[in-house]
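One structure is given here, and the rest of the page talks about it.
The values are calculated or read from the model by the stated rules, or taken from the named source; none is laboratory data. Nothing here was measured: the structure is a model prediction, and the numbers come from that model. Every residue, glycine as well, gets a Cβ built from its backbone with ideal geometry; the counts of neighbours run over all protein chains shown. Surface accessibility is based on the protein's heavy atoms, side chains included, excluding ligands, DNA and RNA. Shrake-Rupley method; radii C 1.70, N 1.55, O 1.52, S 1.80 Å.
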Amino acid sequence: MMSWEKPSRCLRASRSKTGQKGLALPPPPRPRQLALLVGLLKAEILPLTLRVRLTRERVRVEKAVKETYLCSLLGKSKEAEIKRINKELANIRSKFKGDKALDGYSKKKYVCKLLFIFLLGHDIDFGHMEAVNLLSSNRYTEKQIGYLFISVLVNSNSELIRLINNAIKNDLASRNPTFMGLALHCIANVGSREMAEAFAGEIPKILVAGDTMDSAKQSAALCLLRLYRTSPHLVPTGDWASRVVHLLNDQHLGVVTAATSLITTLAQKNPDEFKTSVSLAVSRLSRIVTSASTDLQDYTYYFVPAPWLSVKLLRLLQCYPPPEDPAVRGRLTECLETILNKAQEPPKSKKVQHSNAKNAVLFEAISLIIHHDSEPNLLVRACNQLGQFLQHRETNLRYLALESMCTLASSEFSHEAVKTHIETTERDVSVRQRAVDLLYAMCDRSNAQQIVAEMLSYLETADYSIREEIVLKVAILAEKYAVDYTWYVDTILNLIRIAGDYVSEEVWYRVIQIVINRDDVQGYAAKTVFESLQAPACHENLVKVGGYILGEFGNLIAGDPRSSPLVQFNLLHSKFHLCSVPTRALLLSTYIKFVNLFPEVKPTIQDVLRSDSQLRNADAELQQRAVEYLRLSTVASTDILATVLEEMPPFPERESSILAKLKKKKGPGTVMGLEEGKRERGPDVNGGPEPAPASATSTPSPSADLLGLGAVPPAPAGPPPSSGGLLVDVFSDSPSAVAPLAPGSEDNFARFVCKNNGVLFENQLLQIGLKSEFRQNLGRMFIFYGNKTSTHLQTKPVDPTVDGGAQVQQVVNIECVSDFTEAPVLNIQFRYGGTFQNVSVKLPITLNKFFQPTEMASQDFFQRWKQLSSPQQEVQNIFKAKHPMDTEITKAKIIGFGSALLEEVDPNPANFVGAGIIHTRTTQIGCLLRLEPNLQAQMYRLTLRTSKETVSQRLCALLSEQF
């Protein structure tokens, strides 16, 4: 520290140009050290020697002295700085080792210097004990420097850690909020295992104690959160768990904010222990949302009351399903509606801070609405609000809106609303990428061709960084929603023409597989690819597709003189010299195929194979093919040639690899793909002791070809398990008893009757999500297993291990053999913490999933209704409404149930009428339904008529539960 006795070392009198004397100071500190220096000066780490009221001139001089000292300490060069640092370190060391005992102020001064030198990047190997001694001081500034030094320099393995812990315990027991705050900050900053072991039991007591000051409670909550994140197994939840929940009712909003962060993290692992926080969080959120900005003056940020706390409360509520208590649920709905309403109000300030805070709360509220996925009105309103952001001038808002709409598109309630925002234009490349994701998410059969055409049009001018992803998505959508496969062929060929460099092998492999497997499109594919190859410049991938398809099906277009065998050969051979070695090898295989298909071009092809450019080719692969193909065409008889070169057989129906490539490209945030080599054992599939009405096979694969539903692989042979209703034992190493159904699984099962996507089961370890699609009597279900813990789960058939926070996917193919009543049960076994866990849940495979909607006129409906008039064909149920009788929700549920909603058929416009056909392997069962609501009595009458009594009973029971 610079002393006042020798100011001449730091201050130099000089005369300015005006002739007045002033202080000439060394150069200012370097930028990388400026922030640290300012902080030290403001904290008075370089203290003033005089504690009296100073004149302005004296303040100016002292400030100049401080800055001069710091500049001299840093030096004008690296060598000068090191020299000055070593001199200072030697002085401090001598002071510490001197015979004269240092007072608290001197210790603080020298420890502070050591800390500053360390922050400059120099090693410090002494002074630790002096810093520990400062912890026992009763002066705040001395204790503060001691804790600061320890937080920065003391290692968790230090020999002094026991002394430090004792000092911290004394400060925690002092009940002095200032000292307690310093101690808690030190524990959180160090956050070591030793700290967690020493104080994990003490901090919760401070947190829930009635006499603890509010500032100490805040620090205790955040300190406990830090320890839980670093060493969760050392912070067991005990009796304090129920008491910490009640901090959500604390009058001090700072305490509530800190407690909410802690509870959210704890609830993610132990949701049952903190379930009572839902009602308290809703109550607190309601008070914030409905309050005026003047009511919470200390916590109002640019006219937005407590935005940080609101966001944290909304995130806490996302740890749980919608509240079961109607009062709490209604209050939460009111809160969310209020937030959406406030978003429509004109801004109270033009400053960006106001809009940022307001939108932060709005987006978190929309995330909660999407998470609950149970209020159609809120979902549609959220979608419309996000749609308004798509036209906002702020790029970040457009990006976040598109990201949220991608999630909304997966909800059956808001999918149609999302589709209304298909027309979007964007300048920013990152936002355009999210727009592509949204188009991909909102695509279905009704708009597939429009969206694919839009993406192809955009692909021509798209940024290079996102072209490959767009190509993959176009290929997936074209295959998934192709009703007419001629459109699929046109789309892929157009894709290759526009962005051939970005079309991976998986894409053109897949189009060849589909063409070979479908006779009805082979001739069209050969004709189309032949016409595409006539372009002066075509991409090499198109040459590959053309060579393969013409080699197999060129004979289908050979009757046209414009595409005669010789013309086909000359067209392909004109591209030969422009292609790479792998493509040339493929074309040579096409030529030998032509020898078998078109004997008239055999001499021409033999001349090509016999040429020196082929027989003496530098590439061994091309040379070998030319020699072998020439010999085969010369020696082999017509019959042998036909046998060897016969048409390729259909490929076995398998999962497409395009989707797996897309997931791999998107990174770890998406569902992890599964490797083919991990199919160690197929799961057992059966329906119990009685003949199974619905058969299914499980195919652990990276992706699924949804168009391959027409060929369901047979179930693997094996002895049926003794337990009834077991569909697939996903994770077990060996047969074991099926666990009873998990709590809450029945409620989740009922939610899936009218929808196909969502979370089926969730606890503190595992999350099971479903995404399924059904067509006639066939279906495919994607089951996602998410590891919610931070450690590995050991599994067997799906994947040997599931990383912490990761997901794996399993695909189940389903076929409805005949009508059925009981749903299959999914049994999951996995190892966690050295013990086996066993979970059983009902898979939502119900009879209505095999519904195909049927449009009917009023006359046809009532004619068919009269035909199904026998008592065995009709089932009627009169029941009390369990949910609000909303017309739009009722329509959505009937459509989600699978039947067509027939408008203007019933004479009473308040009634709902539907029609459809249940498809099984052997039969088709027609179904008519009529739902009559009575708003005054809050009751429904549901009537179902089908050609089979058991079907009527089952459908009536399933649909009644939805209302």
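Okay, residues lined up against (1) open to solvent by 50 Å² or more (accessible area, probe 1.4 Å); (2) assigned to a helix (DSSP H, G or I):
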{"residue": "Val431", "(1), (2)": "no, yes"}
{"residue": "Leu438", "(1), (2)": "no, yes"}
{"residue": "Ser446", "(1), (2)": "yes, no"}
{"residue": "Gln450", "(1), (2)": "yes, yes"}
{"residue": "Ala453", "(1), (2)": "yes, yes"}
{"residue": "Thr461", "(1), (2)": "yes, no"}
{"residue": "Glu469", "(1), (2)": "no, yes"}
{"residue": "Val474", "(1), (2)": "no, yes"}
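Can you confirm whether Leu397 is at pLDDT 80 or above, assigned to a helix (DSSP H, G or I) and under 26 Å from Ala478 (Cα atoms)? Against the criterion (at pLDDT 80 or above, assigned to a helix (DSSP H, G or I) and under 26 Å from Ala478 (Cα atoms)), Leu397 does not qualify.
Only residues that are more than 40 Å from the chain's Cα centre (by Cα) and open to solvent by 70 Å² or more (accessible area, probe 1.4 Å) were counted across region 919-937, and they come to 4.
Give the residues of region 850-893 that are free of Cβ contacts under 8 Å to residues at least 40 places away in the same chain, open to solvent by less than 60 Å² (accessible area, probe 1.4 Å) and either of a type in the set (Val, Ile, Thr) or under 19 Å from Ser960 (Cβ atoms) (or both), sorted by residue number. Lys891, the sole residue that qualifies.
From the residues in region 763-781 that are under 16 Å from the mean Cα position of the chain (by Cα) and open to solvent by 20 Å² or more (accessible area, probe 1.4 Å), which one is nearest to Val839 (Cα to Cα)? Applying the filter and picking the extreme gives Gln767.
Only one entry in Gln872, Gln829, Gln809, Gln859 is out of contact with any Phe, Trp or Tyr (no Cβ under 6 Å at 6 or more places or on another chain) and farther than 19 Å from Cys956 by Cβ, namely Gln859. Quick one: Val132 ticks every box in (1) open to solvent by 20 Å² or more (accessible area, probe 1.4 Å); (2) closer than 26 Å to Lys169 by Cβ; (3) not aromatic (Phe, Trp, Tyr) bar one, so which box is it? Every condition holds for Val132 apart from (1). Would you be able to say whether some residue in region 580-596 is over 27 Å from Phe651 (Cα atoms), open to solvent by less than 10 Å² (accessible area, probe 1.4 Å) and out of contact with any Asp or Glu (no Cβ under 7 Å at 6 or more places or on another chain)? Taking every residue of region 580-596 in turn, none turns out to be over 27 Å from Phe651 (Cα atoms), open to solvent by less than 10 Å² (accessible area, probe 1.4 Å) and out of contact with any Asp or Glu (no Cβ under 7 Å at 6 or more places or on another chain).
Any residue at all in region 512-533 that is outside any helix (DSSP H, G or I), open to solvent by 50 Å² or more (accessible area, probe 1.4 Å) and out of contact with any helix residue (DSSP H, G or I) (no Cβ under 9 Å at 6 or more places or on another chain)? No, region 512-533 contains no residue that is outside any helix (DSSP H, G or I), open to solvent by 50 Å² or more (accessible area, probe 1.4 Å) and out of contact with any helix residue (DSSP H, G or I) (no Cβ under 9 Å at 6 or more places or on another chain).
Taken together, Gln218, Gln268 contain a single residue that is closer than 25 Å to Val361 by Cα, touching a residue at least 60 places away in the same chain (Cβ under 8 Å), open to solvent by 30 Å² or more (accessible area, probe 1.4 Å) and part of a helix (DSSP H, G or I), which is Gln268.
Here the helices (runs of 4 or more DSSP H) wholly within region 845-963 that include at least 1 residues being at pLDDT 85 or above are 887-897, 949-960. Residues that are among the polar types (S, T, N, Q), within 24 Å of Thr276 (Cβ to Cβ) and open to solvent by 10 Å² or more (accessible area, probe 1.4 Å): does region 362-375 have at least one? The answer is yes; a qualifying residue exists.
Is region 319-335 home to any residue that is closer than 30 Å to Gly896 by Cα, polar (S, T, N, Q), assigned to a loop (DSSP other than H, G, I, E, B) and touching a Leu at 6+ places or on another chain (Cβ under 8 Å)? Looking through region 319-335, none of the residues is closer than 30 Å to Gly896 by Cα, polar (S, T, N, Q), assigned to a loop (DSSP other than H, G, I, E, B) and touching a Leu at 6+ places or on another chain (Cβ under 8 Å).
Quick one: would you say Thr338 is under 28 Å from the mean Cα position of the chain (by Cα), part of a helix (DSSP H, G or I), of a type in the set (Ser, Thr, Tyr) and surrounded by 17 or more Cβ atoms within 10 Å (Cβ to Cβ)? First the steps, then the outcome.
Numbers: under 28 Å from the mean Cα position of the chain (by Cα): yes; part of a helix (DSSP H, G or I): yes; of a type in the set (Ser, Thr, Tyr): yes; surrounded by 17 or more Cβ atoms within 10 Å (Cβ to Cβ): no.
Judged against the criteria, Thr338 is not a match.
For region 190-200, check the following and say yes or no: at least one residue is over 19 Å from Asn270 (Cα atoms), out of contact with any Asp or Glu (no Cβ under 6 Å at 6 or more places or on another chain) and exposed (fewer than 15 other Cβ atoms within 10 Å of the Cβ). So far as region 190-200 goes, yes, one or more of its residues are over 19 Å from Asn270 (Cα atoms), out of contact with any Asp or Glu (no Cβ under 6 Å at 6 or more places or on another chain) and exposed (fewer than 15 other Cβ atoms within 10 Å of the Cβ).
Could you list, in sequence order, the residues of region 96-117 that are over 13 Å from Ile145 (Cβ atoms) and surrounded by 15 or more Cβ atoms within 10 Å (Cβ to Cβ)? Step through it out loud before you land on a result.
Taking region 96-117 and keeping what is over 13 Å from Ile145 (Cβ atoms), we get 96-103, 117.
Across region 96-117, the qualifying residues are Phe96, Leu102, Ile117.
Residues that are modelled with pLDDT under 90, open to solvent by less than 90 Å² (accessible area, probe 1.4 Å), within 20 Å of His252 (Cβ to Cβ) and in a loop (DSSP other than H, G, I, E, B): does region 278-291 have at least one? Yes, because at least one residue in region 278-291 is modelled with pLDDT under 90, open to solvent by less than 90 Å² (accessible area, probe 1.4 Å), within 20 Å of His252 (Cβ to Cβ) and in a loop (DSSP other than H, G, I, E, B). List every residue pair whose Cβ atoms sit under 6 Å apart, with the two residues 6 or more apart in sequence or on different chains, where the first one lies in region 279-292 and is within 13 Å of Ala306 (Cβ to Cβ) and the second, anywhere, is outside any helix (DSSP H, G or I) and of a type in the set (A, V, I, L, M). Partner pairs satisfying both residue conditions: Ile288/Ala306. If you go through region 494-511 and pick out every residue that is in contact with a Lys or Arg (Cβ under 7 Å, 6 or more places away or on another chain) and either crowded, with 21+ Cβ neighbours inside 10 Å or part of a helix (DSSP H, G or I) (or both), you end up with 4.
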